[in-house]
1. With the structure loaded, tell me whether A:Ser11 is part of a strand (DSSP E or B), loosely packed, with under 14 Cβ neighbours inside 10 Å, away from chain B (no Cβ under 13 Å) and not charged (D, E, K, R) or whether it fails that test.
2. Evaluate the range B:74-87: report whether one residue or more is open to solvent by less than 40 Å² (accessible area, probe 1.4 Å) and within 14 Å of another protein chain (Cβ to nearest Cβ).
3. Please give the strands (runs of 3 or more DSSP E) falling wholly within the range A:32-110 in which 2 or more residues are among the polar types (S, T, N, Q) and modelled with pLDDT under 95.
4. Could you count how many residues in the range A:32-57 are small (Gly, Ala, Ser) and away from chain B (no Cβ under 11 Å)?
5. Between a first residue in the range B:108-119 that is under 16 Å from A:His40 (Cβ atoms) and a second residue that is assigned to a strand (DSSP E or B) and modelled with pLDDT under 95, which pairs have beta carbons less than 8 Å apart while being 6 or more apart in sequence or on different chains?
6. Could you list, in sequence order, all residues of the range B:24-42 that are open to solvent by less than 50 Å² (accessible area, probe 1.4 Å) and either within 20 Å of B:Ser72 (Cα to Cα) or without any contact (Cβ under 8 Å) to a residue 40 or more places away in the chain (or both)?
7. Being open to solvent by 40 Å² or more (accessible area, probe 1.4 Å), closer than 17 Å to A:Thr105 by Cα and either in contact with a Leu (Cβ under 7 Å, 6 or more places away or on another chain) or at the interface with chain A (Cβ under 8 Å from one of its Cβ atoms) (or both) is the filter here; which residues of the range B:43-70 pass it?
Amino acid sequence: QSALTQPASVSGSPGQSITISCTGTSSDVGGYNYVSWYQHHPDKAPKLIISNVSNRPSGVSNRFSGSKSGNTASLTISGLQAEDEADYHCSSYRSDSTVVFGGGTKVTVL
Amino acid sequence: QVQLQESGPGWVEPSQTLSLTCTVSGGSITSGDYFWSWIRQSPGKGLEWIGFIYHSGSTYYNPSLKSRLTMSVDTSKNQFSLKLSSVTATDTAVYYCARGYDLLYWFDPWGPGTLVTVSS
């Protein structure tokens, strides 16, 4: 089961905006609006920050936004803050009734 | 609010069976809107979906693990479990249990995770 493709790392200065991509196929990301994003700080449980491509759960900062174009989904963090330094993982439903994750992206705040 | 907690041995010998249980508190495992999932992260790697189970017992497994995997649910204890047989060092990982929203396939909340090391 091939993972979705994410960049290994993305960095930015405080206050800047960064975008993380998540590339799949027409059988997963491109075929369904079931892409989710998770923020994962070391030694903590992953936290849902975006569901269904662009929905932000209650309590999640509006600095996080999601979108999709074709087979690629994206997570944008605007107004980057030190607390945003973490790993970010995307996931998608796949046509064979399974779920697939990306390899994860480490975000560094410079 | 709903909370999940993994439990089980932190060390398993190669070729043996890894067994973990997830206890759900603050809500019922029989809620019709959700399924219950296992996800793992091997050292230095991304998250890997293992599978999920409905309270009815219906299961969906990662094809790469399916031949070694069994998931079950105990509604009387509000728990669900994972058994992975014939483990090797590549099964060493932090194992998370998580609640999934049915038909939308997002996971929230997650348990804190438990490290399982496969070694002799």
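1. Yes, satisfied.
2. No, there is no match, as no residue in the range B:74-87 is open to solvent by less than 40 Å² (accessible area, probe 1.4 Å) and within 14 Å of another protein chain (Cβ to nearest Cβ).
3. Hits in the range A:32-110: none.
4. Count: 1.
5. That search, which allows pairs on different chains as well, returns B:Asp108/B:Tyr101.
6. B:Val24, B:Gly27, B:Ile29, B:Ser31, B:Tyr34, B:Phe35, B:Trp36, B:Ser37, B:Trp38, B:Ile39, B:Arg40
7. Of everything in the range B:43-70, those that are open to solvent by 40 Å² or more (accessible area, probe 1.4 Å), closer than 17 Å to A:Thr105 by Cα and either in contact with a Leu (Cβ under 7 Å, 6 or more places away or on another chain) or at the interface with chain A (Cβ under 8 Å from one of its Cβ atoms) (or both) turn out to be B:Lys45, B:Glu48.
The values are calculated or read from the model by the stated rules, or taken from the named source; none is laboratory data. Everything quoted here is computed from the prediction, not taken from an experiment. A quick note on method: Cβ atoms are made from the backbone with ideal geometry, for glycine too, and the neighbour counts reach across all protein chains shown. Areas reflect the complete protein model, heavy atoms only, side chains present, ligands, DNA and RNA absent. Shrake-Rupley method; radii C 1.70, N 1.55, O 1.52, S 1.80 Å.
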